[in-house]
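To keep things clear, I will list the structure first and then write my remarks on it.
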Amino acid sequence: MKKSTPENPDRNIVNLLAILVDTNPSQRVIRQNPGHLSQILDAIIAFGNAHLMQKAQNKLAVLSCHHHATDFLYPTPGKQLEVRQIDGQYEAFSLVEKTVKQRLSHIICNAPKLNQSAESLLAGSLSMALCYIARVQRNAQAGTKIQSRILVLTGSNECASQYMTYMNVFFTAQKLGVVLDICALDKSLSLLQQGCDITGGQYLRLTQLDGLLQYLLWVFLPDPSMRQKLVLPPPAKVDYRAACFCHRELIDIGYVCSVCLSIFCKFSPICTTCHTVFKVPGPLPSRPKKKKKT
Ligand SMILES: [Zn+2]
Ligand SMILES: [Zn+2]
């Protein structure tokens, strides 16, 4: 006799992966060899398709973070590209590859020329990825659960000038239940590492691009609930220093505004964020003298 199988609860879970790739030409990896960008791109496309391949319900978004703007490489707003099956490749995979490559070449051709190196707008791009995730979650069908994560691939140095946006993004992601994974391709990134730690994501720093796809598939492809069962790189000690709001440098000890919690490395009588005026710390007030008995 055929037993009725209980409905698979796994079918109602949708895994949404947003990949944020830094395409800023000022990155050291790309400056050294512009061919590295296409190497990174190929790895990302293969990785994104591997994510889609795991489950029919899985969703993918790819964003590019440039020095002047953030753009969606996949999915694109408006009409989708028309893709015909080539060499037996699944159409959805060729659609990802073609859309990403076409959009990126369009962005690179239309980017303003750089005379000096400019920082990447990573914090802004992260906010955009979060907005996209929030929209997908809002529009999800009743009964479907969306598990989202963001993977950032960057060879830029993080800049403490975006400190406030970073912190807002990290705590919003934590509140939305979005896991933040970071793959650093150049220097170690202490601010983004804090974001990984806060949201329960993985941080990986690679010093060369060889085997990039293998690393991505090993560390970042399994979803966060599965990762506990795998042997992954041990978590590094996170540097939880904050950046001062005056010079955007990481500091050990500083002054905190008691009204808006802004951090400063030196005492200033007026908070530059909320304009509260503080008393200059003077000598301790002396006790009022007792009146002499007459
Ligand atoms: Zn300072
Ligand atoms: Zn203040």
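Can you spot a residue in the range 107-115 that is part of a loop (DSSP other than H, G, I, E, B), of a type outside the set (Lys, Arg) and surrounded by 14 or more Cβ atoms within 10 Å (Cβ to Cβ)? First the steps, then the outcome.
Taking the range 107-115 first, the residues part of a loop (DSSP other than H, G, I, E, B) are 111-115.
Keeping just the survivors that are of a type outside the set (Lys, Arg) gives 111-112, 114-115.
Those left that are additionally surrounded by 14 or more Cβ atoms within 10 Å (Cβ to Cβ): 111.
Yes; the residues of the range 107-115 include at least one that is part of a loop (DSSP other than H, G, I, E, B), of a type outside the set (Lys, Arg) and surrounded by 14 or more Cβ atoms within 10 Å (Cβ to Cβ).
In this structure, is GLU91 buried (at least 18 other Cβ atoms within 10 Å of the Cβ) and of a type outside the set (Phe, Trp, Tyr)?
Spelling it out, it is not the case that GLU91 is buried (at least 18 other Cβ atoms within 10 Å of the Cβ) and of a type outside the set (Phe, Trp, Tyr).
For the range 256-281: of the residues being closer than 23 Å to LEU192 by Cα and surrounded by 16 or more Cβ atoms within 10 Å (Cβ to Cβ), which is farthest from ligand 2 (Cβ to nearest atom)?
CYS265
As an exercise: evaluate TYR166 against (1) surrounded by fewer than 21 Cβ atoms within 10 Å (Cβ to Cβ); (2) assigned to a helix (DSSP H, G or I) and give the number of the one condition it does not meet.
Going through the list (1) surrounded by fewer than 21 Cβ atoms within 10 Å (Cβ to Cβ); (2) assigned to a helix (DSSP H, G or I), TYR166 breaks only (1).
Return the only residue of LEU95, LEU16 being of a type in the set (A, V, I, L, M) and touching a helix residue (DSSP H, G or I) at 6+ places or on another chain (Cβ under 8 Å). Spell out the reasoning first.
On the way: LEU95 fails: touching a helix residue (DSSP H, G or I) at 6+ places or on another chain (Cβ under 8 Å).
From the options LEU95, LEU16, the qualifying one is LEU16.
Being within 17 Å of SER38 (Cβ to Cβ), within 21 Å of the chain's Cα centre (by Cα) and outside any loop (DSSP other than H, G, I, E, B) is the requirement here; does LEU104 meet it? Give the steps one after another, and end with the answer.
Numbers: within 17 Å of SER38 (Cβ to Cβ): yes; within 21 Å of the chain's Cα centre (by Cα): yes; outside any loop (DSSP other than H, G, I, E, B): yes.
Yes, satisfied.
For ILE251, work out the one condition from (1) of a type in the set (A, V, I, L, M); (2) in contact with a His (Cβ under 9 Å, 6 or more places away or on another chain); (3) within 16 Å of ligand 1 (Cβ to nearest atom) it doesn't fulfil.
(2)
So, ILE253, is that one more than 16 Å from ligand 2 (Cβ to nearest atom), closer than 15 Å to ARG149 by Cβ and free of Cβ contacts under 8 Å to residues at least 60 places away in the same chain or not? Let's see the steps before the verdict.
Values: more than 16 Å from ligand 2 (Cβ to nearest atom): yes; closer than 15 Å to ARG149 by Cβ: no; free of Cβ contacts under 8 Å to residues at least 60 places away in the same chain: yes.
So ILE253 does not fit the description; no.
Taking into account only those residues within the range 65-92 that are over 30 Å from SER26 (Cα atoms) and modelled with pLDDT of 80 or more, which is nearest to the chain's Cα centre (by Cα)?
Step one: of the range 65-92, the residues over 30 Å from SER26 (Cα atoms) are 78-92.
If we keep only those that are modelled with pLDDT of 80 or more as well, we get 90-92.
Working: TYR90: 29, GLU91: 29, ALA92: 25 Å.
Looking at the filtered set, the residue picked out is ALA92.
Could you check the range 46-83 and list, in sequence order, the residues that are free of Cβ contacts under 8 Å to residues at least 40 places away in the same chain and part of a loop (DSSP other than H, G, I, E, B)?
Within the range 46-83, ALA56, PRO75, THR76, PRO77, GLY78, LYS79, GLN80, LEU81, GLU82, VAL83 qualify.
Of all residues being of a type in the set (A, V, I, L, M) and either farther than 23 Å from ILE45 by Cα or within 16 Å of ligand 2 (Cβ to nearest atom) (or both) in the range 195-248, which is surrounded by the most Cβ atoms within 10 Å (Cβ to Cβ)? Just the residue, please. Lay out the reasoning, then the answer.
So the first thing to find is which residues in the range 195-248 are of a type in the set (A, V, I, L, M), and the list is 198, 204, 206, 209, 212-213, 216-217, 219, 221, 226, 230-232, 236, 238, 242-243.
Next, only the ones that are either farther than 23 Å from ILE45 by Cα or within 16 Å of ligand 2 (Cβ to nearest atom) (or both) stay: 198, 230-231, 236, 238, 242-243.
Details: ILE198: 17, LEU230: 9, VAL231: 7, ALA236: 14, VAL238: 14, ALA242: 16, ALA243: 24.
Selected residue: ALA243.
The values are calculated or read from the model by the stated rules, or taken from the named source; none is laboratory data. Note that the structure is predicted; figures quoted are calculated from it, not measured. Cβ atoms come from the backbone with ideal geometry, glycine included; neighbour counts cover every protein chain shown.
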